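Enquirer: Let me give you the structure first, and then I'll get to my questions.
The values are calculated or read from the model by the stated rules, or taken from the named source; none is laboratory data. Everything numeric here is computed off the predicted structure, so don't read it as measured data. Because the Cβ atoms are built from the backbone with ideal geometry, glycine has one as well, and the counts that use them run over all protein chains shown. Keep in mind that these areas ignore ligands, DNA and RNA; they rest on the heavy atoms of the full protein, side chains included. Shrake-Rupley method; radii C 1.70, N 1.55, O 1.52, S 1.80 Å.
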Amino acid sequence: MLGPPGAGKGTQAERLARARGLPKISTGDILREAVQAGTGLGLAAKTTMEAGNLIGDDVMIGIVRERLDRDDARGGFVLDGFPRTVVQAAALDGMVDGRGPLVVLDIVVPEDVLVRRLATRRICSKCGVNAAVEWTGDCQNCGGTLIARIDDSVEIVRERLKIFLRQSQPLVDYYSPRPTFRSIDGNQPPDVVTTRIEAALDEAARSATL
Ligand SMILES: [Zn+2]
C-alpha cells in the first residue's frame, strides 16, 4: 500500500489485514520494535534516525525479506511503508516472485487536504504512534494520552510533504503501468476508502490471474 503521510495508509493497511486475516507488515513498526528491544538492527536504526538520516535500502530490504519469509506471511500480507524507493520495489518483485500477484494500492489525497490533516495530527505521548484521524480519546494502541506533534507547523508540513511526493513519484511511475496497480481516492470518509480498497484489491488480483 502506497500513499503520502496523512493519507490514512496505516489505518487502511490495518483494516485490510484484519479483514483478510493477513499480517500487516509495517517497516515503521518493525524498526520501532527493534529500537525498543535494543537489537543490533534497532541500535543501528536508532543511530541513523537520530542523525536525521534515512535507513538505507539494504537494511530495509533485509528487514522485509526476513519478515516475508516467516510462516504467517506465506498466504499473503499487507505491506505498509515499503517499498519507498525503486531499488526497494525491484527487490520486492524478487521476493514475491512465484508467490501470487503483487497488488499495489496507491492512496491519493490532494495536497491541501494532507497539509490540513498533518498540521492537526497527534501522536501518543507513551508509545509514539501516529494517531489516526478518527481516534477520539486515548491512544488505541496502548491507551496513552494523545498530544499534538510539536513540529507540525503548516510550513514544515508542506515542505515535508513536497519532499515526500517528489521522492515517491518514481515509485508510482514504476508501478502504474501494471495491471495490478490501482489508485484509490483517499479524500473520503475512512469507511468509504476501506470499501474501495477491498473492491480494488479483488478486482486487481482477478485481472492478474486472467
Ligand atoms: Zn500509545
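Enquirer: Can you tell me which residues in segment 1-42 are surrounded by 20 or more Cβ atoms within 10 Å (Cβ to Cβ) and in a strand (DSSP E or B)?
Expert: Of everything in segment 1-42, those that are surrounded by 20 or more Cβ atoms within 10 Å (Cβ to Cβ) and in a strand (DSSP E or B) turn out to be LEU2, ILE25, SER26.
Enquirer: For ARG182, state whether it is open to solvent by less than 90 Å² (accessible area, probe 1.4 Å), over 17 Å from the mean Cα position of the chain (by Cα) and touching a residue at least 40 places away in the same chain (Cβ under 8 Å).
Expert: For ARG182, the condition - open to solvent by less than 90 Å² (accessible area, probe 1.4 Å), over 17 Å from the mean Cα position of the chain (by Cα) and touching a residue at least 40 places away in the same chain (Cβ under 8 Å) - is not met.
Enquirer: Name every residue in segment 185-205 that is hydrophobic (A, V, I, L, M, F, W, C) and surrounded by fewer than 15 Cβ atoms within 10 Å (Cβ to Cβ), in order of residue number.
Expert: VAL192, ALA199
Enquirer: Next question. Name the single residue that is farthest from the ligand (Cβ to nearest atom) among those in segment 120-133 being farther than 19 Å from ILE30 by Cβ and open to solvent by 30 Å² or more (accessible area, probe 1.4 Å).
Expert: Within segment 120-133, the match that is farthest from the ligand (Cβ to nearest atom) is THR120.
Enquirer: Which count do you get for residues in segment 49-72 that are crowded, with 16+ Cβ neighbours inside 10 Å and either assigned to a loop (DSSP other than H, G, I, E, B) or of a type in the set (Gly, Ala, Ser) (or both)?
Expert: Going through segment 49-72 one residue at a time, the tally reaches 1.
Enquirer: Scanning for something modelled with pLDDT under 85 and either aliphatic (A, V, I, L, M) or farther than 18 Å from ILE156 by Cβ (or both), does segment 101-117 turn up at least one residue?
Expert: no
Enquirer: Of all the residues that make up segment 134-167, how many are modelled with pLDDT under 85, open to solvent by 60 Å² or more (accessible area, probe 1.4 Å) and within 16 Å of the ligand (Cβ to nearest atom)?
Expert: 3
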